[in-house]
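The values are calculated or read from the model by the stated rules, or taken from the named source; none is laboratory data. From a predicted model like this one, the values you see are computed outputs, not experimental measurements. Cβ atoms come from the backbone with ideal geometry, glycine included; neighbour counts cover every protein chain shown.
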Amino acid sequence: MNIEKNEVLRYLGYKDQVLDEGMERLIQECLAEIQTILKKNYVYQIFDIERQEDSIRFKGTDLAFQSRDLSRHLGKSDKCALMAATLGLEVDKRLAYYSRLNLTKGIVLDACATTAIEALCDEVEEEVRQEAEKAGYCLTSRYSPGYGDLSIYYQKDIITVLQAYSRLGLSLTEDYIMLPRKSVTAFIGWQREEVQADKCGSVDKCSGCDKKNCLYRKWGKRNG
Amino acid sequence: MDRKIKFDDFLIFDGAMGTMLQAYGMKAGELSERYNIDRPELIEKIHRSYLAVGADVITTNTFGANRFKLLDTGLSVEEVVTKGVEIARKAAGNRLVALDLGPLGQLMEPYGNLSFEAAYDAFKEQVRAGSSAGADLILIETMADVYEARAAILAAKENSDLPVICTMTFQADGRTLTGTDPMTMVNIVQNLGVDALGINCSLGPKEIIPLVQEILKYSKLPVIVQPNAGLPKVKGKETVFEIGPEEFGSYGRELAQMGVRILGGCCGTTPEHIRALKEALQGLRPVKIEPFRITAASSATKTVIFDGKPRIIGERLNPTGKKRLKEALKSRDFDYILREAVDQKDHGADLLDVNVGLPEIDEKAVMVRTIKEVQGIVNLPLQLDSVKPEVIEAGVRICNGRPIVNSVNGEAKVLETILPIVKKYGCLVVALTLDEKGIPETAEERLRIAERIINKAAEYGISKEDIIVDCLVLTASAQQKEVRETVKAVRLVKEKLGVKTLLGVSNVSYGLPARGILNRTFLAMTLAEGLDSAILNPLDEDMMATVKAFNVLWNYDQGSKEFIAAYSELKKQETVPHTSATGRDLKKIIIDGLREEAAAGVRELLKNHTGLEIVDNYLVPALDVVGERYERGEIFLPQLIQSAETVKRAFEVIKEDMLKNASADQTMEKGKIVLATVKGDVHDIGKNIVKILLENYGYKVYDLGKDVAIERIVETVQQEKVPLVGLSALMTTTVVNMEETINALRKSCPGCKVMVGGAVLNEEYARMIGADFYCEDAKEAVKTAERVFLK
């Protein structure tokens, strides 16, 4: 998997500081280490969808998502891919280890893992895209619970319908936190019409998220 | 009617329930257990279709009928389970009904926040309902976490008299999702009192075969296999399984010929698959296989077999004679304890002995916490060491894997209390060759005690491969002539009793100079007599070198690979620049974040300065420089933390020095702060960053970890009289718990201030939930602490 060092640095709030030899080595070490521990565990399924005013219903299932923003995001879609991806538990184990015994490495590896799960999602999206294109569809960007007014509580439905626990080991705590930590669920709309080129740069990626004071966002803001 | 499970012939289980329900129109995302209530006739029909093709056992439709999955569904565990069993019972006639227990769907500690006790309670509820409704056996299946399987088995055994079968599911890499391999699974599960064990779901029948082979190799119990109908493939909207009944049947035959005794189907299998399976077994008789009988301890992911090559049991987690560890246990400084655990692993320990016996602490509670902390970080099997039976039991109950109990001896009273614990929790046990009369002088007498213990253990159903005999080492300074007896006893015990042996060797040199020479010589002598494991300090290079040399000379380290790896590069590496560290050097070491050099820098300074002087004149100024550089954006977060970790190392050396010189100088502490990631939240990197910076600035931090119960926070604040609490939450869903924690603190600890931080918070939100201070980052937390304490 291609994990961009620049992305890792962005997550670490890097802004052209001098990287001494030790730090450079540590980053390389973490980039290599994450590759050896990550799993590319993912699952997706395509559903026909039905849009009502402020909600989306998945045909042939019990699923319905009440959200104006999601409804807008899928405004031109008649199908939707629902995906779940996780890097697996070994990454959590390793992060727990370093966060107690070598915090510096823990922080850098955490950023590598964040970059990696995004990269995995990109790969899944690419696979979905190929499938969509064969059927004559274009894809919207990924949209996840917690963005806009799409409640995080929908994680439970998504994980259930995709059987993400038995297939990927992806579970949800009572407080709706996904575990393993580096996991993502997302909607990708299928629409006939070409999607407007994504104008958002990396900083804007954060704008839909409700973690208003997230370390990564904050730095993005400062840098931007 | 005799409905007892028998294993003298093949036993055929049914196939999938979910697959059948989908075929009858169940939609994706629907709760299949609801059908027990809404459509009992359909469930009964499916059971009957499996009975019609010859299934001996049908499985209740209760896979997910636990309190977590039924939350918010309006259904209760009791009604769903009772109904499920009743439907199956009605269909089964005189055939068997297995109460189905699937995984809870929650990740367990330490990576998730489902505790062992909570998992146990959830299973217990199902077991109680299912056994009183008339199930004939309990099938714990599709477990992905051996710790959860362990909780389920204990719940089944403690709350019913039914036979128990346990299966786990494996991935393509040959491990379960949480990392357990088949041998480790067998080593843990078969000793917990189950009646059969095996594998289900996982992959297709073909891919499962090598895993089954591994299980058959070690299992003393009948083995069950319930494969899927091939690997699941998602095709557009549907999941399909590609193996048809014929092919499934022929794989079943192959598995039976390998030695599998119980067969059935998992995802994608239908009555046709079970019919074909039944037919394919025509004319076959179960194959009797003799498993390897091994002496092996396990963590969840690693098994250590005592197979001749000496195993090293790290002895450092034992406070006897260790001031710093005592202090760490008393103040619950688990960072220090973990560092000790990891150091031992890194230096070659195969297992770790854990002893937290101190008169002034709650040994049981500390033992439990230590096990959990260590198992969260280190994957070595543990040896739990205490003289108190209640501490041993509390420890082995929550310990993941298969631990060793240290220890029993020939005293009748000890045997009667400890052996039942060893049996129930499926542990190994160390048998000390002493009794009421003390340690016998001669090897022969020690042999007799060992024999007595082994016989007694057999009465409890503990086999001799689960016993490791400690022939006990006497000191050469006091009982010189008996030292040889220990060496002889090792040989005798192995020869006459055929059991594994263990010694704590360093006792031999007590009271003499140059102890290292005596220790390593004695170790070499006993290894040559066949000693299987030694409890020692893995950081002692002499001892480890002796073991490595022995492994070459005894042909355990074949091709001398390990030896060459350890020593060929030796002298080249040992050239870390050892500059004469002057004051400026320590500051520079910190500013540059050169962690490994901090200790040497401080030791040099300690020759002419007190610890406090070093803190005031070197550490604090260096920290200030680093802090300013960070705020100006000259360094970024990892560099800041690197310096902070360097300061932490420096502090550690200063602290050790103070303990050694008994100056017990507590003035190093500026104040006490409790830190916790709130209940429900599992993100703790941010909290750890805050912690290290606060420690750097001289605060005593009680780090309660992540997912911390409100009561624990309140309790610690009260007990330790803490004036400031820092709480972290990273999710909107857990900020609620933060608010509740603050309310509880307001009520029970009115003087205590609260600072909060975390990605979803801001100034306004913090005020709304009643916090005194909002901290945007770790530096801000330090400033807040200064404000609170320097007022």
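In segment A:5-14 there is at least one residue matching the filter, namely being within 30 Å of residue B:171 (Cα to Cα) and touching a Ser or Thr at 6+ places or on another chain (Cβ under 6 Å).
To keep it simple, each residue is scored yes or no on (1) at pLDDT 95 or above; (2) away from chain A (no Cβ under 14 Å).
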site	(1), (2)
B:90	yes, yes
B:96	yes, yes
B:102	yes, no
B:111	no, no
B:122	yes, no
B:139	yes, yes
B:147	yes, no
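Across segment B:177-190, the number of residues qualifying as crowded, with 24+ Cβ neighbours inside 10 Å and not in a loop (DSSP other than H, G, I, E, B) comes to 7. Checked against the criterion of being within 8 Å of chain A (Cβ to nearest Cβ) and surrounded by fewer than 20 Cβ atoms within 10 Å (Cβ to Cβ), segment B:737-747 contains not a single residue that satisfies it. Applying the criterion of being outside any helix (DSSP H, G or I) and loosely packed, with under 14 Cβ neighbours inside 10 Å to the residues of segment A:32-58, the residue that is modelled with the lowest pLDDT is A:53. Of all residues assigned to segment B:432-452, at least one qualifies as being modelled with pLDDT of 95 or more, closer than 28 Å to residue B:372 by Cα, touching a Ser or Thr at 6+ places or on another chain (Cβ under 9 Å) and in a strand (DSSP E or B). Taking segment A:139-196 as the range and being of a type in the set (A, V, I, L, M, F, W, C), closer than 29 Å to residue A:109 by Cα and within 12 Å of another protein chain (Cβ to nearest Cβ) as the test, the residues that pass are A:152, A:158, A:159, A:162, A:164, A:168, A:170, A:172, A:177, A:178, A:179.
Going residue by residue through segment A:87-101, is there one that turns out to be in contact with an Asp or Glu (Cβ under 7 Å, 6 or more places away or on another chain) and modelled with pLDDT of 95 or more? For segment A:87-101, residues in contact with an Asp or Glu (Cβ under 7 Å, 6 or more places away or on another chain) and modelled with pLDDT of 95 or more: present.
In segment B:672-698, the qualifying residues are those that are assigned to a strand (DSSP E or B) and away from every other protein chain (no Cβ under 14 Å), and the one that is surrounded by the fewest Cβ atoms within 10 Å (Cβ to Cβ) is B:672. The set of residues in segment B:17-48 that are away from chain A (no Cβ under 14 Å), crowded, with 20+ Cβ neighbours inside 10 Å and touching a residue at least 40 places away in the same chain (Cβ under 8 Å) comprises B:20, B:36, B:43, B:47.
State yes or no: is residue B:87 part of a helix (DSSP H, G or I), surrounded by 23 or more Cβ atoms within 10 Å (Cβ to Cβ) and touching a residue at least 40 places away in the same chain (Cβ under 8 Å)? The answer is yes for residue B:87. Residues in segment B:93-118 that are in contact with a Lys or Arg (Cβ under 9 Å, 6 or more places away or on another chain) and either surrounded by 24 or more Cβ atoms within 10 Å (Cβ to Cβ) or not assigned by TED's automatic domain parsing to the domain that holds residue B:33 (or both): B:97, B:104.
Which one is nearest to the other protein chains (Cβ to nearest Cβ) among residues in segment A:63-73 that are farther than 26 Å from residue A:114 by Cα and touching a strand residue (DSSP E or B) at 6+ places or on another chain (Cβ under 8 Å)? Step by step, filter segment A:63-73, then rank; the result is A:63. Taking every residue in segment B:566-595 that is within 14 Å of another protein chain (Cβ to nearest Cβ) and pairing it with any residue that is modelled with pLDDT under 50, at least 6 positions away or on another chain, the pairs with Cβ-Cβ distances below 8 Å are B:589/B:581. The single residue among B:226, B:257, B:213 that is touching a residue at least 40 places away in the same chain (Cβ under 8 Å), among the polar types (S, T, N, Q), part of a helix (DSSP H, G or I) and within 26 Å of residue B:189 (Cα to Cα) turns out to be B:213.
In this structure, is residue B:751 buried (at least 24 other Cβ atoms within 10 Å of the Cβ) and either more than 13 Å from chain A (Cβ to nearest Cβ) or β-branched (Val, Ile, Thr) (or both)? No: the conditions fail for residue B:751.
Of the residues B:404, B:421, B:398, the single one that is in contact with a Leu (Cβ under 8 Å, 6 or more places away or on another chain) and modelled with pLDDT of 95 or more is B:404. If you check residue A:117 against the conditions, is it crowded, with 19+ Cβ neighbours inside 10 Å, in contact with a Pro (Cβ under 8 Å, 6 or more places away or on another chain) and not charged (D, E, K, R)? Criteria not met by residue A:117.
Within segment B:625-649, the residues that satisfy the criterion of being part of a helix (DSSP H, G or I) and facing chain A (nearest Cβ under 7 Å) are B:637, B:638, B:639, B:641, B:642, B:645. Kindly indicate whether residue B:14 is more than 14 Å from chain A (Cβ to nearest Cβ), within 16 Å of residue B:102 (Cβ to Cβ) and among the charged types (D, E, K, R). Considered against the rule, which asks whether it is more than 14 Å from chain A (Cβ to nearest Cβ), within 16 Å of residue B:102 (Cβ to Cβ) and among the charged types (D, E, K, R), residue B:14 comes out as yes. Restricting to segment A:81-113, and then to whatever is over 25 Å from residue B:335 (Cβ atoms) and not in a strand (DSSP E or B), can you tell me which residue is farthest from the other protein chains (Cβ to nearest Cβ)? Among them, the one singled out is A:87. In this entry, residue B:337 passes the filter for residues that are of a type in the set (A, V, I, L, M), part of a helix (DSSP H, G or I) and within 14 Å of chain A (Cβ to nearest Cβ).
Residue-wise test of (1) over 21 Å from residue B:264 (Cα atoms); (2) without any contact (Cβ under 8 Å) to a residue 24 or more places away in the chain; (3) within 14 Å of another protein chain (Cβ to nearest Cβ).
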residue: B:99; (1), (2), (3): no, no, no
residue: B:125; (1), (2), (3): yes, no, no
residue: B:142; (1), (2), (3): no, no, yes
residue: B:158; (1), (2), (3): yes, no, no
residue: B:179; (1), (2), (3): yes, no, yes
residue: B:182; (1), (2), (3): no, no, no
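Residue A:5 passes every criterion in (1) within 10 Å of chain B (Cβ to nearest Cβ); (2) within 11 Å of residue A:111 (Cα to Cα); (3) at pLDDT 95 or above apart from (1). When each of B:152, B:135 is tested for being assigned to a helix (DSSP H, G or I), closer than 26 Å to residue B:80 by Cα and of a type in the set (Gly, Ala, Ser), the lone residue that passes is B:152.
Within the bounds of segment A:54-62, is there any residue that is in contact (Cβ under 8 Å) with a residue 60 or more places away in the chain and under 20 Å from the mean Cα position of the chain (by Cα)? The answer is no; no qualifying residue exists.
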